Each structure stands twice: as C-alpha cells, then as structure tokens.
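Below is one structure, written out as structure tokens, with a few remarks after it.
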Amino acid sequence: MSRAARIEENATCLGCGCVCDDITIVIDGARITEARNACALGLRWFGDGSLPGAVVGGRTSAIEDVVGEIAAVLRSARAPLVYLAPDLTTEAQRAAIAVADQLHAFVDGVTSSTAAEGVLAAQRRGRASATLGEIRNRADVVVFWAVDPALTYPRFQSRYAPNPVGVHLPNGRRDRTVIAVDVGDQRGPDDADVRIQMSAEEEALFLESLRASLAGRTVGDPSIVARVTELATRITRARYAVIVTDAELPPEQMDAPTMRADSLIALAQALNATTRGSLCTLRGGGNRNGADMALTWQTGFPMAVDFSRGAPRYQPENAALPRLARGAIDAALVVGATTTLPTAVTDALRHTRTMVIGPRASESAIDTSIRIDTGVAGIHESGIAFRTDDIPLPLRALLPTPRDTASLLKALGAAIVAQGAGA
Amino acid sequence: MTRLCITGGAIHDPANGIDGDVRDICIDGGRIVASLPADVPVLEANGMVIMAGGIDIHAHVAASSVSLGRRLLPEEHTLDPVVAPTLEDGTIPRSGTGGTVPSTFTTGYRYAGLGYTTVFDAAVAPVAARQTHAEFDDTPIIDSGFFALLGNDDYLHRQIAAKEIGRAKDYAAWILKSTGAYAIKVVNPGGVELWKRNVREVKTLDDPVGASSVTPRRILEVLADAAIALRLPHPVHIHCNNLGVAGNVSMTLDSMRALEGRRAHFTHLQFHSYGGERGKSWSSAARQVAEYVNSHPEVTGDVGQVMFGDATTLTADGAVEYLLHTSTGRKWINADIELETGCGIVPYTYKDKAAVSSLQWVVGLELFLLSTDPWRMVLSTDHPNGGSFMSYPDLIRLLMDRGYRDEKLKSVNQKMLAGSALADGIAREYTLNEIAIITRAGPARQLGLKQKGHLGVGADADITIYSRDADFAKMFSTPRYVFKAGTLVVEEGQLRRAPAGKRIYVQPGFDDSLLRDLGKYFETYSAIQLANYPVTGLRDAPAATGAG
C-alpha cells in the first residue's frame with residue numbers, strides 16, 4: 001500500500017441482492033486494491049474500479065451532441081424502449097423512467113426476464129415476508145428451498161441466517177434448524193440439519209401436499225406424504241419459520257415457468273394460521289429491486305410498463321424481451337451495465353437500433369454506434385439501492401467520476417424537451 | 001416571483017378569527033404580506049371562498065408500505081391510467097396511475113387539485129426512510145413530512161426494560177434526526193412485536209411485551225414524554241391497540257387515560273371507537289370517545305372516516321391485517337421489518353349494504369358531529385385505509401349538508417346502528433369556517449406548523465380559492481385557484497404548474513453517549529452498519545423544535 005492509499009469503510013456491495021454494507025475498500029491512487037469482507041462475487045463486482053470513459057456518437061464525441069443524438073433517435077422512433085440494466089442507482093432508474101414517460105416509450109428491466117414469476121404471483125396472492133435483519137434476529141427454522149446461497153448469495157448465511165446471533169437466537173446457528181430442500185439438482189446447503197429431497201417432477205405435488213398438510217388434510221401418495229409430514233411438522237413447530245428461495249430463474253427455466261413461486265407464497269402465508277413465518281425471495285445483484293421499486297412508485301407497476309398511450313399500461317405478458325425478439329421495438333436505449341444482461345436480451349438487442357448509457361458501454365457486446373461510458377452505482381456514483389428485501393441502503397461514490405448517469409439522463413430529458421414536444 | 005393581490009373573496013381564516021369577511025390577500029414571493037403597491041397584478045375572487053391550503057395530518061402516500069401496496073394492485077392501476085397534465089412552468093409533466101394508492105406524481109397532482117398543499121405520511125419504518133424521501137422527491141407540489149414508527153422498536157423496548165428512560169428519549173431523538181422525520185408514531189404499542197412472537201391479541205395496556213416491565217402503557221408514556229421533552233412541534237401520534245376490533249373502545253379510553261395530562265394525538269379514532277364484544281357484537285362508542293376528547297384539551301385526534309367504496313388497508317399493524325385477510329379471503333401482504341416494526345396490507349371494499357362498514361361510517365361521522373372542538377378533531381380517512389383522499393370533498397358534504405347525510409344514512413345497513421347518536425338524529429352542520437379548521441387550521445395547530453393553515457402576514461402563500469356551489473362536494477373537489485408557496489398551481493380548475501414541495505422535518509439533539517451503546521447493539525443484531533443508517537443530504541432547512 002502506498003502512502004496515497006485511502007480507506008472507505010461501510011461501502012455497499014451490489015454483487016448480489018444481499019447488498020452487504022460492511023465492505024472496507026482500500027483505494028490506492030485511482031484503483032481499488034482491496035475489498036475487505038467482500039465475498040468472491042463482491043470482489044469481482046468491485047474489481048479494481050477502473051473504467052473506460054469513452055463517448056461515442058454517430059457524428060461526434062462531444063457529450064452534449066451525443067445526448068442530443070440519442071434524444072433525436074428516440075424521438076423519431078415509432079416504438080422506443082428504455083431498458084433498465086443492472087448497476088444503476090435508484091436516482092438513475094428514476095431519471096430513466098422519466099425519459100420513457102416523456103417519450104411515450106416502453107420501459108422495462110431485467111426483472112421481466114428473470115424474476116417475473118415471483119412478482120406476478122405476489123400480485124395475485126400478496127406475500128408473507130420479512131426483511132433480512134428480521135430473519136437474522138427471529139427465524140429459528142430456516143428452509144432453503146432449492147437454493148444454496150453459498151453459490152449465488154455467498155454471505156447470506158453468515159450475515160442473515162442461520163449463522164449470526166439474533167435477538168431471539170442468542171446462540172446463533174445452534175439455536176436454529178436448517179432444512180435443505182433439494183429439488184432435482186437444485187440443492188440446498190450442504191451443512192443443513194435436515195435434508196428433504198424430491199425430483200423436479202415431484203415438486204408441484206409436494207408443495208400441494210405440504211399446503212394440504214398445514215390445513216390438516218393428507219394429499220398425495222405415501223412416498224411423498226412421509227417427507228411432507230416431516231417438513232410440515234418442523235415448520236409448524238417453529239417459532240418463526242422462514243423459507244428462502246431464489247427469485248432469479250435460470251435461463252433454461254425462463255420459458256417453462258413452474259408454480260413454485262406461487263405455491264411458496266401460499267405456503268408461507270398459510271404458516272401464519274398457527275405460527276409465524278415468511279418467504280424470503282433472493283434477487284440478483286446490481287440493484288434490480290430498485291428498478292422495480294422506482295417503476296412501482298412512479299407508474300404503479302413494477303416492470304414492463306408501456307407509456308405509448310400517454311399513461312402507464314402493464315404488459316408483463318408482452319415485456320421487453322418478446323417485443324425485441326419480434327422486432328416490435330425500433331430504437332432501444334439501454335441504461336446500465338450490459339455485461340450482466342440476460343443473454344436472450346443481449347441477443348435480441350443485436351437486431352434493434354440500440355444506444356447504451358452505462359458502465360463499460362464502449363466495450364459492450366451490443367453493437368451500437370452511440371454509447372456513453374458512465375460509472376457503476378456504488379463504486380463511482382452515489383445514491384440509493386434496494387436490498388433483495390426492499391430495504392434501501394446508501395451508495396457512495398468511492399471513485400467519483402464527473403459523468404453521473406442520473407445527471408446524464410436528466411440532460412437527455414431536457415434535450416428531448418428542447419427538440420420539441422412529445423412523441 | 002409572484003407579487004399579487006387576491007381581492008373580493010370571502011376569507012375563511014379561523015386561526016386569525018376571520019369568518020367570511022371580504023378582504024385582500026397579498027402574496028410576495030412565497031409568503032403572505034400585509035399589503036403591496038396598488039400597481040401589482042390583481043386576481044379577482046369576487047363571490048369566491050378563500051382558505052389556506054389544505055393540510056393532511058395523516059395519510060399513507062410515500063413509504064415502503066405504500067409501494068408494497070402499489071405493487072399489489074396492478075388491477076386498480078390498470079383501471080385508472082392518468083396522462084401527464086399540460087404544465088406551463090417548464091417542469092416535465094408525468095403520467096401515472098390512480099386507484100386507492102396512486103403513483104407518486106399523480107398523488108402530488110391530485111392533492112394539489114383538491115387544494116391540499118401539505119401532506120404527512122403517517123407511518124414510516126425508520127430503516128426505510130430513504131425510500132420515503134425518494135418517493136416524496138417524486139411527489140410534486142405538496143410540502144411533505146413523515147412520522148417515524150417507534151412503538152415496537154426492539155432497542156427502545158430494551159431501554160424501557162432497563163429503566164434507561166433518558167436513553168430511550170435520546171434514541172427517539174436519534175431516530176428522528178437520522179431519518180429526517182417530523183414526529184414520533186406509535187402503532188399498536190407492543191402489539192406488532194407480539195404479533196411477530198405469535199401473540200395475536202393485546203388484552204390490556206399492561207400485557208407484557210417480552211420483559212414484564214415493557215407494556216403498551218409504558219411504551220405510550222415513554223414516547224409521549226420523549227416528544228414533550230424534545231419539544232417536538234407535534235406530540236406523539238398514536239394508533240391504539242386493537243384497531244378495528246369490536247369492543248376496542250375500552251382500550252382506546254384506557255390509552256387516553258394513561259396519558260392524561262400529557263399532550264398526545266390519537267389518530268383514526270373511528271377505527272378505535274367500537275362498543276360490543278370481540279367476535280359477538282358491535283356498536284358505536286363514538287360518544288364516549290368524543291366526550292373524553294371534548295373534556296381533555298391536551299388530547300387531539302383525527303377521525304379516519306370510512307367512505308363507501310374501494311380502499312386499501314395498509315398499516316404497520318400486521319396483526320390486524322391477518323384478521324382482515326382471513327375474514328375477507330382477499331390477498332394479503334405481511335412484511336415484518338427488522339427490529340423496528342411490521343406492515344400488513346389487504347385491499348378492502350366498504351359496502352353500504354354491509355353491517356360493519358355501515359357502522360364504521362356512522363362512527364366516523366359521529367366523532368365529527370359530537371366533537372365540540374373542531375381544532376382537536378380533524379379530518380382524515382387514514383388514506384387509503386378508510387378511503388382515498390379523493391373522497392374528502394364528499395366527506396365535507398356529509399358534514400355540511402344534513403339533508404344529504406340523512407338521505408345517505410337511510411340507505412345504509414341498519415343492523416348495528418341501534419342506539420347510535422347519528423341514527424337518533426344529529427342536526428349539526430359544519431360551517432365553512434369549521435371546515436377550514438378541520439382541513440387546515442386544526443391540522444396546522446396540531447402539527448405545530450406556525451406558517452401554515454392560516455392566511456395571516458408571514459404565512460406560507462398556500463392558498464385555495466373555491467367557487468361557491470350548493471353542492472359542497474362539487475365545490476371542494478374542484479378549486480378554482482390554488483397557490484403553493486406563491487406559485488399559482490391550479491388556474492381555472494386546471495393544474496398548470498408543479499413546483500417541487502419542501503420537506504418538513506426536525507433535527508432534535510441527543511446525548512452522544514447513546515451512540516456507544518447503540519454501536520454495540522448494531523454490531524450484535526443489526527443487518528445494517530450504524531454509519532449507513534442515517535439519511536444524508538436532506539433538502540430544505542429543518543423545522544424548529546420547541547421554543548428554538
């Protein structure tokens with residue numbers, strides 16, 4: 001460490017939806033040299049903090065002119081899309097939605113492609129949920145349903161459950177029962193106290209049988225009932241049971257939705273007839289929940305919002321990806337990091353006139369003649385981000401860049417106004 | 001900058017003892033001034049009624065709970081798309097959706113369209129205060145603030161258990177300061193924590209909440225005293241135990257007596273004024289509650305009127321929402337929020353053909369009509385719990401127009417109305433000045449907002465001008481002009497400008513030694529770093545506390 005090194009404590013990591021806010025960042029010159037407390041995902045997410053700073057336009061590389069070009073392309077489009085990619089502050093997400101509203105565009109983000117099932121199920125049923133800190137302090141039975149956080153949410157177990165001491169769990173891990181539910185090759189954690197296994201084909205019936213069991217009925221054949229009874233007994237005897245599941249669907253499941261999300265919500269709700277319990281749904285990194293949240297408060301809908309008639313319309317069954325795939329979008333502005341977009345979205349964008357404002361836009365795999373490099377939320381840009389459980393946390397610019405995404409988007413909004421009203 | 005005199009209108013400014021006199025109101029910048037030179041522009045308001053901008057003391061408009069509600073209700077939003085208004089001030093107008101829980105921009109526009117210029121969100125989980133500020137930043141025109149939930153906070157309960165009452169007060173101050181809140185809110189004191197422990201009923205104010213020394217009574221006392229000691233402009237804001245339960249009036253009156261002699265605000269009292277017996281019978285107990293409030297000047301309240309139609313029940317009181325979910329079968333959100341509070345949401349429809357809805361409607365009106373001091377019993381629907389804020393004009397008509405009210409009363413379910421004062425006939429009709437009190441002057445006084453709720457010299461130029469109409473609902477639903485901080489936002493009934501509102505919050509002091517103990521607590525139990533808890537970058541200057 002050179003003498004120029006400085007230390008930023010309590011930095012917030014957007015490597016996954018856990019949004020750990022206890023990262024100590026060591027900065028030497030303009031590079032991050034250490035990210036203490038960060039997991040492997042976090043280390044990768046922070047990286048060394050270096051970024052390209054290119055501004056590429058069709059005709060010029062003066063930032064005002066490129067912003068103007070983006071405005072002109074979007075304004076002349078018949079069916080423009082504003083796409084909220086990961087790694088944006090909620091301030092930038094809000095500004096991007098404002099631009100979509102101004103343009104009467106379609107606005108969407110990764111949620112509709114990776115986590116729509118859970119969102120829609122929660123709109124049908126509601127949900128019984130708890131924030132991560134509540135789980136840490138209260139949950140004495142923790143069921144990992146087809147998810148091993150060690151892989152995709154690495155610090156979940158050490159920060160939230162089952163490992164930490166909690167108000168009602170003075171001995172931490174020893175006061176909790178961990179149940180791994182393995183569904184086919186989607187396994188729960190290795191060190192669970194109890195393991196319940198089923199094939200992917202059995203899951204729907206198992207969940208149905210489990211809910212019936214909570215209601216005092218027996219459904220399903222004996223081979224299932226024995227496992228169901230064991231799980232039902234354990235979760236109903238809990239003081240506070242939490243069922244943890246991954247809300248992010250793997251790409252191969254995107255086209256073959258199951259009723260898992262719906263059934264787990266119903267199960268968690270039903271638990272509350274006799275004891276207390278909740279469902280914890282894990283979201284990926286890059287402030288995905290923030291996009292849903294800002295869309296919700298600005299438009300009333302969490303994803304797939306169509307402004308084409310001048311007011312928000314909810315189109316979850318006709319979201320950005322299918323629109324792009326069938327050529328129904330004629331200009332797309334992607335805001336945020338294109339590196340973490342679902343492959344299907346990246347592929348579909350290749351066939352559309354696309355512009356990118358985001359970190360590493362100039363290195364994006366999406367071929368575009370208009371791109372502006374910006375910073376990453378929480379590394380180069382400050383604001384807020386939402387944890388997987390909707391708790392807002394602060395993001396600080398550890399390595400401030402002069403080009404802040406939210407400000408750029410506001411300038412874009414102003415340019416659209418300056419070029420003349422409305423779509 | 002506005003320099004303008006409004007002439008010829010009938011001024012209803014009860015805070016300054018003016019009841020319909022025709023006088024000029026002069027605006028210079030954002031404030032009301034005594035006079036202006038004769039050559040300034042004039043807005044003629046001959047025959048019109050002029051009041052200060054409306055103030056909503058208790059609504060749910062910008063909070064994590066509110067957005068959980070928004071996300072739950074796509075079907076409502078789909079039915080109420082709202083295109084962007086045409087604005088003349090250069091701000092980029094925004095579209096949105098309405099329903100019982102409108103999107104943020106639509107919330108700001110609609111409040112302004114009703115002549116309301118200041119709104120408080122009544123229940124914010126401190127840990128999620130950042131979200132409230134961000135949502136208010138997207139809620140144009142209105143000045144805004146919020147109350148921080150403290151009645152079920154684990155750290156606070158620990159201080160009460162340890163008899164560290166000074167530290168409890170310091171903690172309350174730290175929460176308010178860290179979150180940019182305006183007042184202390186208590187929801188179902190101890191009852192939300194008990195719900196998290198699967199204890200579903202608070203039977204008395206002396207039920208233990210974990211430790212035997214932590215009881216709803218102690219929580220109320222400690223927080224009421226904290227608000228007084230910190231010289232907060234608004235006293236502790238209390239949602240009593242057992243909301244919505246038959247027979248809860250005894251708990252409500254016990255809570256009031258527990259704080260007798262201390263300043264306290266009891267909110268949405270309609271939901272807490274039921275006689276009868278849990279699971280057996282219901283009746284109105286509005287008279288008992290009104291009589292208590294009438295005879296205790298230290299107590300203020302708001303009604304939480306139920307209006308027939310769609311509503312969304314949305315509260316930190318998770319336990320009550322579970323009951324509502326099981327009794328209605330409608331979709332349900334519960335969200336237990338770490339170490340602090342809870343949240344429950346169920347969409348609900350109040351039907352005039354339903355016995356309980358009708359009783360609730362009657363109880364609310366009785367509270368209005370039996371309260372002798374309108375300064376201390378102000379208008380709310382606990383939006384969106386008892387109905388949307390958009391129903392305020394109809395509620396005003398019910399209060400001002402006995403014929404309309406009696407006609408409506410005949411059409412509601414009569415099953416539970418035997419012995420109710422309203423069913424026996426109440427002749428009272430609110431006057432325009434009384435409406436000005438319960439919608440502006442009263443809330444301003446209860447909130448300690450010295451520059452709001454009146455039209456005297458130095459007041460914020462938040463002014464609403466109505467055209468007279470025999471139909472008071474019509475009159476109050478479409479103000480002719482609305483000024484917000486001197487800017488003409490509604491002109492000839494149309495929204496024309498949408499400036500950003502101000503944030504209203506306090507920054508009380510506390511003994512720094514709190515932070516050592518709190519640091520240890522955070523290290524052991526919190527999922528958030530203490531350093532990351534406080535909200536930074538608050539806009540606008542804080543409101544003064546106490547004499548300072």
Counted residues, segment A:100-117 - those being within 12 Å of chain B (Cβ to nearest Cβ), surrounded by 24 or more Cβ atoms within 10 Å (Cβ to Cβ) and of a type outside the set (A, V, I, L, M, F, W, C): 3
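What number of residues within segment B:368-382 are surrounded by fewer than 24 Cβ atoms within 10 Å (Cβ to Cβ) and either part of a helix (DSSP H, G or I) or modelled with pLDDT under 95 (or both)? First the steps, then the outcome.
Within segment B:368-382, the subset surrounded by fewer than 24 Cβ atoms within 10 Å (Cβ to Cβ) is B:369-376.
Checking the rest, the ones that are also either part of a helix (DSSP H, G or I) or modelled with pLDDT under 95 (or both) come to B:369-370, B:374-376.
Result for segment B:368-382: 5.
Somewhere in segment A:58-69, is a residue basic (Lys, Arg) and modelled with pLDDT of 95 or more?
Kept after step one, since they are basic (Lys, Arg), are these residues of segment A:58-69: A:59.
Of the ones still in play, those that are also modelled with pLDDT of 95 or more are none.
There is no residue in segment A:58-69 that is basic (Lys, Arg) and modelled with pLDDT of 95 or more.
Anything in segment B:62-75 that is more than 7 Å from every other protein chain (Cβ to nearest Cβ) and crowded, with 21+ Cβ neighbours inside 10 Å? List them, or say none.
First pass over segment B:62-75, keeping only residues more than 7 Å from every other protein chain (Cβ to nearest Cβ): B:62-63, B:65-66, B:68-69, B:73, B:75.
Passing the criteria: B:Ala62, B:Ala63, B:Ser65, B:Val66, B:Leu68, B:Gly69, B:Leu73.
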May I ask you to say which residue of A:Ile372, A:Ile366, A:Ile357 is at pLDDT below 95, away from chain B (no Cβ under 12 Å) and in contact with a strand residue (DSSP E or B) (Cβ under 8 Å, 6 or more places away or on another chain)? A:Ile366
Return the total of residues in segment B:117-174 being under 24 Å from B:Gly453 (Cα atoms), in contact with a Pro (Cβ under 7 Å, 6 or more places away or on another chain) and assigned to a helix (DSSP H, G or I). 0
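Would you point out the residue of segment B:104-125, among those that are surrounded by fewer than 24 Cβ atoms within 10 Å (Cβ to Cβ) and in contact with a helix residue (DSSP H, G or I) (Cβ under 7 Å, 6 or more places away or on another chain), that is farthest from the other protein chains (Cβ to nearest Cβ)? First the steps, then the outcome.
Filtering segment B:104-125 for residues surrounded by fewer than 24 Cβ atoms within 10 Å (Cβ to Cβ) gives B:110, B:113-114.
The next check asks that each one be in contact with a helix residue (DSSP H, G or I) (Cβ under 7 Å, 6 or more places away or on another chain); those that pass are B:110, B:114.
Details: B:Arg110: 13, B:Leu114: 20 Å.
My answer is B:Leu114.
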Odd one out for A:Ser113, checked against (1) at pLDDT 95 or above; (2) farther than 18 Å from A:Leu207 by Cβ; (3) in contact with a helix residue (DSSP H, G or I) (Cβ under 9 Å, 6 or more places away or on another chain): (1)
With the condition kept exactly as written, say whether any residue in segment A:265-274 is within 10 Å of chain B (Cβ to nearest Cβ), touching a helix residue (DSSP H, G or I) at 6+ places or on another chain (Cβ under 8 Å), small (Gly, Ala, Ser) and more than 30 Å from B:Thr106 (Cα to Cα). yes
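Only one residue in B:Leu398, B:Leu422, B:Leu370, B:Leu379 is within 17 Å of B:His60 (Cβ to Cβ) and in contact with a helix residue (DSSP H, G or I) (Cβ under 6 Å, 6 or more places away or on another chain). Which one?
Numbers: B:Leu398 fails: within 17 Å of B:His60 (Cβ to Cβ); B:Leu422 fails: within 17 Å of B:His60 (Cβ to Cβ); B:Leu370 fails: within 17 Å of B:His60 (Cβ to Cβ).
Result: B:Leu379 is the single residue among B:Leu398, B:Leu422, B:Leu370, B:Leu379 that is within 17 Å of B:His60 (Cβ to Cβ) and in contact with a helix residue (DSSP H, G or I) (Cβ under 6 Å, 6 or more places away or on another chain).
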Of A:Ala161, A:Ala180, the only residue that is crowded, with 17+ Cβ neighbours inside 10 Å, within 14 Å of chain B (Cβ to nearest Cβ) and either over 21 Å from the mean Cα position of the chain (by Cα) or under 27 Å from A:Val228 (Cβ atoms) (or both) is A:Ala161
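Find the residue count for segment B:58-88, including only residues that are of a type in the set (Val, Ile, Thr) and over 30 Å from B:Thr300 (Cβ atoms). Give the derivation first.
Just the residues of segment B:58-88 that are of a type in the set (Val, Ile, Thr), to begin with: B:61, B:66, B:78, B:82-83, B:86.
Keeping just the survivors that are over 30 Å from B:Thr300 (Cβ atoms) gives B:78, B:82-83, B:86.
Matching residues across segment B:58-88 total 4.
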Against the condition of a type outside the set (Ser, Thr, Tyr) and modelled with pLDDT of 95 or more, how does A:Ala344 come out, does it pass? no
3 or more residues of a type in the set (A, V, I, L, M): qualifying helices (runs of 4 or more DSSP H) within segment A:142-245: A:203-214, A:222-236
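The values are calculated or read from the model by the stated rules, or taken from the named source; none is laboratory data. Everything quoted here is computed from the prediction, not taken from an experiment. Every residue, glycine as well, gets a Cβ built from its backbone with ideal geometry; the counts of neighbours run over all protein chains shown.
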